[in-house]
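In what follows, a single structure is set out as C-alpha coordinates and then discussed.
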Amino acid sequence: MKLHFLGVRGSTPVSGPDFTRVGGHTSCVAVSADAGAPALVLDAGTGLQTLGATLGDRAFEGWVLLTHLHWDHVQGLPFAPALDRVDARVVLAQPAQGDPTLVLRRAMSPPHFPITPAELQGNWTHVALEPGKHQLGPFEVFALDVVHKGGRAYGYRVSCAGTSFAYVPDALDANEDALLELATGVDVLVRGAPFVASESERAVAYGHGTVEAAADIAARARVGRLVLTHHAPSRTDADVFAIAERLGAIAAVEGLTLPV
(Lines give C-alpha, C1' and ligand atoms only; values in the text may rest on other atoms or scores of the structure.)
Protein backbone atom coordinates (compact mmCIF):
# COMPACT_ATOMS: atom_id res chain seq x y z
CA MET A 1 0.00 0.00 0.00
CA LYS A 2 0.92 3.63 -0.44
CA LEU A 3 -0.52 6.55 1.52
CA HIS A 4 -0.96 9.81 -0.37
CA PHE A 5 -1.39 12.72 2.04
CA LEU A 6 -3.64 15.29 0.36
CA GLY A 7 -4.74 17.31 3.40
CA VAL A 8 -3.08 17.38 6.82
CA ARG A 9 -4.64 20.30 8.68
CA GLY A 10 -7.41 20.17 11.25
CA SER A 11 -10.33 22.52 11.89
CA THR A 12 -9.86 24.95 9.02
CA PRO A 13 -7.67 25.41 5.94
CA VAL A 14 -4.79 27.86 6.24
CA SER A 15 -2.56 29.74 3.82
CA GLY A 16 0.46 32.02 3.83
CA PRO A 17 4.25 31.83 3.73
CA ASP A 18 4.51 30.14 7.15
CA PHE A 19 2.42 27.17 6.01
CA THR A 20 3.69 26.35 2.52
CA ARG A 21 5.88 23.31 3.32
CA VAL A 22 3.29 21.49 5.45
CA GLY A 23 0.31 22.69 3.42
CA GLY A 24 -3.03 24.18 4.31
CA HIS A 25 -5.68 21.67 3.17
CA THR A 26 -7.81 19.80 5.71
CA SER A 27 -7.89 16.05 6.31
CA CYS A 28 -7.68 13.66 3.37
CA VAL A 29 -5.53 10.57 2.73
CA ALA A 30 -5.73 8.50 -0.45
CA VAL A 31 -4.65 4.86 -0.40
CA SER A 32 -3.43 2.78 -3.32
CA ALA A 33 -2.64 -0.93 -3.50
CA ASP A 34 0.39 -2.14 -5.46
CA ALA A 35 1.00 0.21 -8.38
CA GLY A 36 -2.67 0.97 -8.93
CA ALA A 37 -4.50 4.26 -8.65
CA PRO A 38 -5.98 5.20 -5.28
CA ALA A 39 -9.23 3.30 -4.72
CA LEU A 40 -9.69 4.17 -1.05
CA VAL A 41 -9.85 7.64 0.47
CA LEU A 42 -9.96 8.40 4.18
CA ASP A 43 -11.85 11.61 4.97
CA ALA A 44 -12.93 14.28 2.51
CA GLY A 45 -11.48 17.56 3.71
CA THR A 46 -10.38 20.24 1.26
CA GLY A 47 -7.39 18.09 0.31
CA LEU A 48 -9.80 15.88 -1.64
CA GLN A 49 -9.89 18.40 -4.47
CA THR A 50 -6.25 17.55 -5.31
CA LEU A 51 -6.95 13.82 -5.78
CA GLY A 52 -7.09 14.35 -9.54
CA ALA A 53 -3.33 14.96 -9.63
CA THR A 54 -2.82 11.37 -8.46
CA LEU A 55 -5.46 9.90 -10.78
CA GLY A 56 -4.47 11.79 -13.92
CA ASP A 57 -7.40 12.06 -16.31
CA ARG A 58 -9.31 9.20 -14.71
CA ALA A 59 -12.45 9.50 -12.65
CA PHE A 60 -12.34 8.16 -9.11
CA GLU A 61 -13.74 4.66 -8.65
CA GLY A 62 -13.71 3.37 -5.11
CA TRP A 63 -14.58 4.05 -1.50
CA VAL A 64 -14.45 7.21 0.60
CA LEU A 65 -14.53 6.48 4.33
CA LEU A 66 -15.36 9.35 6.66
CA THR A 67 -14.16 9.16 10.24
CA HIS A 68 -16.93 11.62 11.20
CA LEU A 69 -18.97 14.48 9.76
CA HIS A 70 -17.22 17.60 11.06
CA TRP A 71 -16.67 20.31 8.44
CA ASP A 72 -12.92 19.80 8.09
CA HIS A 73 -13.57 16.17 7.08
CA VAL A 74 -16.29 16.76 4.48
CA GLN A 75 -15.55 20.21 3.01
CA GLY A 76 -13.92 18.76 -0.09
CA LEU A 77 -16.84 16.63 -1.30
CA PRO A 78 -18.46 19.19 -3.62
CA PHE A 79 -15.08 20.55 -4.83
CA ALA A 80 -13.35 17.38 -6.07
CA PRO A 81 -13.42 17.16 -9.88
CA ALA A 82 -12.30 13.51 -9.86
CA LEU A 83 -15.47 12.56 -7.97
CA ASP A 84 -17.94 15.05 -9.39
CA ARG A 85 -18.10 13.73 -12.97
CA VAL A 86 -20.48 11.44 -14.81
CA ASP A 87 -18.07 8.49 -14.96
CA ALA A 88 -17.18 8.54 -11.25
CA ARG A 89 -18.21 5.58 -9.10
CA VAL A 90 -18.14 6.48 -5.41
CA VAL A 91 -19.16 4.59 -2.30
CA LEU A 92 -19.27 7.15 0.50
CA ALA A 93 -19.35 5.54 3.94
CA GLN A 94 -19.84 7.29 7.26
CA PRO A 95 -20.29 6.05 10.84
CA ALA A 96 -23.81 4.68 11.20
CA GLN A 97 -26.08 7.25 12.86
CA GLY A 98 -29.25 7.25 10.81
CA ASP A 99 -29.91 7.62 7.09
CA PRO A 100 -26.46 8.58 5.70
CA THR A 101 -27.83 10.83 2.96
CA LEU A 102 -30.02 12.78 5.36
CA VAL A 103 -27.18 13.11 7.87
CA LEU A 104 -24.85 14.53 5.21
CA ARG A 105 -27.56 16.88 3.91
CA ARG A 106 -27.57 18.71 7.24
CA ALA A 107 -24.22 20.25 6.29
CA MET A 108 -24.57 20.19 2.51
CA SER A 109 -27.85 21.71 1.35
CA PRO A 110 -29.44 25.17 1.13
CA PRO A 111 -29.22 27.54 2.91
CA HIS A 112 -25.79 26.28 4.08
CA PHE A 113 -24.63 25.18 0.61
CA PRO A 114 -26.17 25.61 -2.87
CA ILE A 115 -26.45 21.90 -3.76
CA THR A 116 -27.22 18.65 -1.98
CA PRO A 117 -25.24 15.38 -2.10
CA ALA A 118 -27.77 14.02 -4.63
CA GLU A 119 -26.73 16.71 -7.11
CA LEU A 120 -23.12 15.52 -7.39
CA GLN A 121 -22.43 13.90 -10.75
CA GLY A 122 -21.58 10.23 -11.09
CA ASN A 123 -22.82 7.09 -9.42
CA TRP A 124 -22.84 7.61 -5.66
CA THR A 125 -23.77 5.05 -3.02
CA HIS A 126 -24.19 6.23 0.56
CA VAL A 127 -23.47 3.73 3.33
CA ALA A 128 -24.07 3.86 7.08
CA LEU A 129 -21.02 1.87 8.12
CA GLU A 130 -21.26 -0.32 11.20
CA PRO A 131 -18.22 -1.09 13.38
CA GLY A 132 -16.28 -4.23 12.54
CA LYS A 133 -14.45 -5.70 9.56
CA HIS A 134 -15.32 -4.84 5.96
CA GLN A 135 -13.72 -6.09 2.75
CA LEU A 136 -13.44 -3.23 0.26
CA GLY A 137 -11.77 -4.63 -2.82
CA PRO A 138 -8.18 -5.49 -1.82
CA PHE A 139 -8.49 -3.61 1.47
CA GLU A 140 -9.67 -5.14 4.72
CA VAL A 141 -10.98 -2.30 6.87
CA PHE A 142 -11.63 -2.56 10.59
CA ALA A 143 -13.81 0.28 11.90
CA LEU A 144 -13.94 1.03 15.61
CA ASP A 145 -15.77 3.66 17.63
CA VAL A 146 -13.60 6.32 19.22
CA VAL A 147 -14.69 9.18 21.45
CA HIS A 148 -14.27 12.57 19.78
CA LYS A 149 -16.85 15.31 20.35
CA GLY A 150 -20.08 16.06 18.56
CA GLY A 151 -21.36 12.99 16.75
CA ARG A 152 -20.17 9.45 16.19
CA ALA A 153 -16.53 9.00 15.13
CA TYR A 154 -14.45 6.03 13.98
CA GLY A 155 -10.83 5.10 13.78
CA TYR A 156 -9.79 2.75 10.99
CA ARG A 157 -7.26 -0.04 10.60
CA VAL A 158 -6.56 -0.95 6.98
CA SER A 159 -4.78 -4.14 5.91
CA CYS A 160 -3.69 -5.29 2.47
CA ALA A 161 -1.14 -7.83 1.20
CA GLY A 162 0.49 -8.34 4.59
CA THR A 163 0.82 -4.66 5.49
CA SER A 164 -1.36 -2.49 7.70
CA PHE A 165 -1.86 1.01 8.98
CA ALA A 166 -4.17 2.72 11.46
CA TYR A 167 -5.80 6.08 10.86
CA VAL A 168 -7.16 7.96 13.88
CA PRO A 169 -7.22 11.69 13.16
CA ASP A 170 -9.77 12.82 15.78
CA ALA A 171 -9.99 11.13 19.17
CA LEU A 172 -9.38 11.87 22.80
CA ASP A 173 -6.29 10.40 24.43
CA ALA A 174 -8.72 8.73 26.85
CA ASN A 175 -9.53 6.31 23.99
CA GLU A 176 -6.50 4.28 25.08
CA ASP A 177 -8.07 0.83 24.67
CA ALA A 178 -9.47 1.64 21.22
CA LEU A 179 -6.21 3.23 20.08
CA LEU A 180 -4.24 0.16 21.14
CA GLU A 181 -6.71 -2.18 19.44
CA LEU A 182 -6.44 -0.25 16.19
CA ALA A 183 -2.70 0.34 16.26
CA THR A 184 -1.05 -2.73 17.79
CA GLY A 185 1.46 -4.15 15.36
CA VAL A 186 0.66 -1.89 12.40
CA ASP A 187 3.38 -0.72 10.07
CA VAL A 188 2.17 2.89 10.23
CA LEU A 189 0.02 4.79 12.72
CA VAL A 190 -1.44 8.02 11.34
CA ARG A 191 -2.57 9.90 14.42
CA GLY A 192 -4.14 13.30 14.71
CA ALA A 193 -2.43 15.19 17.49
CA PRO A 194 -2.99 18.93 17.10
CA PHE A 195 -2.04 19.69 20.69
CA VAL A 196 1.02 19.27 22.92
CA ALA A 197 1.00 18.21 26.56
CA SER A 198 0.95 21.78 27.87
CA GLU A 199 -2.31 22.27 25.94
CA SER A 200 -4.00 19.14 27.32
CA GLU A 201 -7.00 21.03 28.74
CA ARG A 202 -7.74 22.48 25.30
CA ALA A 203 -7.21 19.06 23.74
CA VAL A 204 -9.89 17.56 25.98
CA ALA A 205 -12.24 20.50 25.36
CA TYR A 206 -11.95 19.97 21.60
CA GLY A 207 -12.05 16.19 21.78
CA HIS A 208 -8.50 15.69 20.50
CA GLY A 209 -5.18 14.22 21.59
CA THR A 210 -1.65 15.35 22.31
CA VAL A 211 1.50 14.46 20.42
CA GLU A 212 3.12 13.03 23.54
CA ALA A 213 0.23 10.60 24.07
CA ALA A 214 0.41 9.61 20.39
CA ALA A 215 4.08 8.75 20.77
CA ASP A 216 3.34 6.73 23.92
CA ILE A 217 0.62 4.72 22.18
CA ALA A 218 2.90 4.13 19.19
CA ALA A 219 5.62 2.74 21.45
CA ARG A 220 3.27 0.52 23.44
CA ALA A 221 1.55 -0.73 20.29
CA ARG A 222 4.89 -1.57 18.65
CA VAL A 223 4.09 0.60 15.64
CA GLY A 224 6.61 0.70 12.83
CA ARG A 225 6.30 4.43 12.15
CA LEU A 226 4.26 7.21 13.72
CA VAL A 227 2.89 9.91 11.40
CA LEU A 228 1.43 13.03 12.99
CA THR A 229 -1.39 14.75 11.10
CA HIS A 230 -4.42 17.02 11.67
CA HIS A 231 -1.99 19.80 12.54
CA ALA A 232 -3.52 22.76 14.35
CA PRO A 233 -4.16 25.65 11.94
CA SER A 234 -1.98 27.89 14.11
CA ARG A 235 1.09 25.62 13.78
CA THR A 236 3.65 27.03 11.37
CA ASP A 237 5.90 24.81 9.28
CA ALA A 238 8.69 25.29 11.81
CA ASP A 239 6.40 24.32 14.69
CA VAL A 240 5.16 21.16 12.97
CA PHE A 241 8.64 19.92 12.04
CA ALA A 242 10.07 20.73 15.48
CA ILE A 243 7.33 18.72 17.24
CA ALA A 244 7.79 15.72 14.96
CA GLU A 245 11.59 15.80 15.34
CA ARG A 246 11.34 15.98 19.12
CA LEU A 247 9.23 12.82 19.18
CA GLY A 248 11.05 10.92 16.44
CA ALA A 249 7.87 10.94 14.34
CA ILE A 250 7.06 11.81 10.73
CA ALA A 251 5.21 15.05 10.10
CA ALA A 252 2.48 14.56 7.51
CA VAL A 253 2.76 17.15 4.76
CA GLU A 254 0.74 17.68 1.62
CA GLY A 255 2.15 15.71 -1.29
CA LEU A 256 3.87 13.10 0.89
CA THR A 257 3.58 9.57 -0.52
CA LEU A 258 4.46 7.01 2.12
CA PRO A 259 4.87 3.28 1.39
CA VAL A 260 3.35 1.17 4.16
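Every condition in (1) at pLDDT below 95; (2) of a type outside the set (D, E, K, R); (3) part of a helix (DSSP H, G or I) is met by Gly150 except one, and the failing one is (3). For the stretch 196-254, which positions are touching a residue at least 60 places away in the same chain (Cβ under 8 Å), assigned to a helix (DSSP H, G or I) and crowded, with 19+ Cβ neighbours inside 10 Å? Of everything in the stretch 196-254, just one residue is touching a residue at least 60 places away in the same chain (Cβ under 8 Å), assigned to a helix (DSSP H, G or I) and crowded, with 19+ Cβ neighbours inside 10 Å, namely Val240. Of the residues examined, Gln94 is not one that is under 21 Å from Gly255 (Cβ atoms) and polar (S, T, N, Q).
Just one residue in the set Ala219, Ala242 is within 22 Å of Gly7 (Cβ to Cβ) and over 18 Å from the mean Cα position of the chain (by Cα); that residue is Ala242. Among the residues of the stretch 70-98, the ones that are buried (at least 20 other Cβ atoms within 10 Å of the Cβ), more than 16 Å from Gln121 (Cα to Cα) and of a type in the set (A, V, I, L, M) come to 2 in all. Among the residues making up the stretch 186-195, a single one is modelled with pLDDT of 95 or more, over 22 Å from Lys2 (Cβ atoms) and either assigned to a helix (DSSP H, G or I) or of a type outside the set (Phe, Trp, Tyr) (or both): Pro194. When Ala174, Ala118 are checked against the criterion of being under 25 Å from Arg9 (Cα atoms) and among the small types (Gly, Ala, Ser), Ala174 stands alone in meeting it. Looking only at the stretch 81-105, residues that are in contact (Cβ under 8 Å) with a residue 24 or more places away in the chain and closer than 14 Å to Gly151 by Cβ come to 8 in all. Residues in the stretch 188-206 that are more than 16 Å from Pro233 (Cα to Cα) and small (Gly, Ala, Ser): Ala197, Ser198, Ser200, Ala205.
Report, by residue number, each residue of the stretch 9-21 that is surrounded by fewer than 24 Cβ atoms within 10 Å (Cβ to Cβ) and part of a loop (DSSP other than H, G, I, E, B).
Going through the stretch 9-21, the residues surrounded by fewer than 24 Cβ atoms within 10 Å (Cβ to Cβ) turn out to be 11-21.
Within the stretch 9-21, Ser11, Thr12, Pro13, Val14, Ser15, Gly16, Thr20, Arg21 qualify.
Listed conditions (1) at pLDDT below 95; (2) in contact with a Gly (Cβ under 8 Å, 6 or more places away or on another chain) are all met by Arg58, apart from (2). For the residues Ala166, Ala82, Ala143, the requirement of being in contact with a Phe, Trp or Tyr (Cβ under 9 Å, 6 or more places away or on another chain), outside any strand (DSSP E or B) and aliphatic (A, V, I, L, M) singles out Ala82.
Regarding Leu48, is this residue in contact (Cβ under 8 Å) with a residue 40 or more places away in the chain, of a type outside the set (Ser, Thr, Tyr) and in a helix (DSSP H, G or I)? Write out each step before concluding.
Working: in contact (Cβ under 8 Å) with a residue 40 or more places away in the chain: yes; of a type outside the set (Ser, Thr, Tyr): yes; in a helix (DSSP H, G or I): yes.
Spelling it out, Leu48 is indeed in contact (Cβ under 8 Å) with a residue 40 or more places away in the chain, of a type outside the set (Ser, Thr, Tyr) and in a helix (DSSP H, G or I).
Of everything in the stretch 109-138, what is part of a strand (DSSP E or B) and either under 28 Å from Ala203 (Cβ atoms) or touching a Gly at 6+ places or on another chain (Cβ under 9 Å) (or both)? Give them in sequence order. Please lay out each step first, then the result.
Within the stretch 109-138, the subset part of a strand (DSSP E or B) is 123-129, 132-136.
Across the stretch 109-138, the qualifying residues are Ala128, Leu129, Leu136.
Just one of (1) farther than 18 Å from Val103 by Cβ; (2) at pLDDT 95 or above; (3) assigned to a helix (DSSP H, G or I) fails for Ala53. It is (2).
Which of the residues belonging to the stretch 22-36 are hydrophobic (A, V, I, L, M, F, W, C), crowded, with 20+ Cβ neighbours inside 10 Å and not in a strand (DSSP E or B)?
Val22 - this is the single residue of the stretch 22-36 that is hydrophobic (A, V, I, L, M, F, W, C), crowded, with 20+ Cβ neighbours inside 10 Å and not in a strand (DSSP E or B).
The values are calculated or read from the model by the stated rules, or taken from the named source; none is laboratory data. Quick caveat, the model's predicted, so the values are computed rather than measured. Methodologically, a virtual Cβ is constructed for each residue, glycine included, from the backbone with ideal geometry; neighbour enumeration extends over all protein chains shown.
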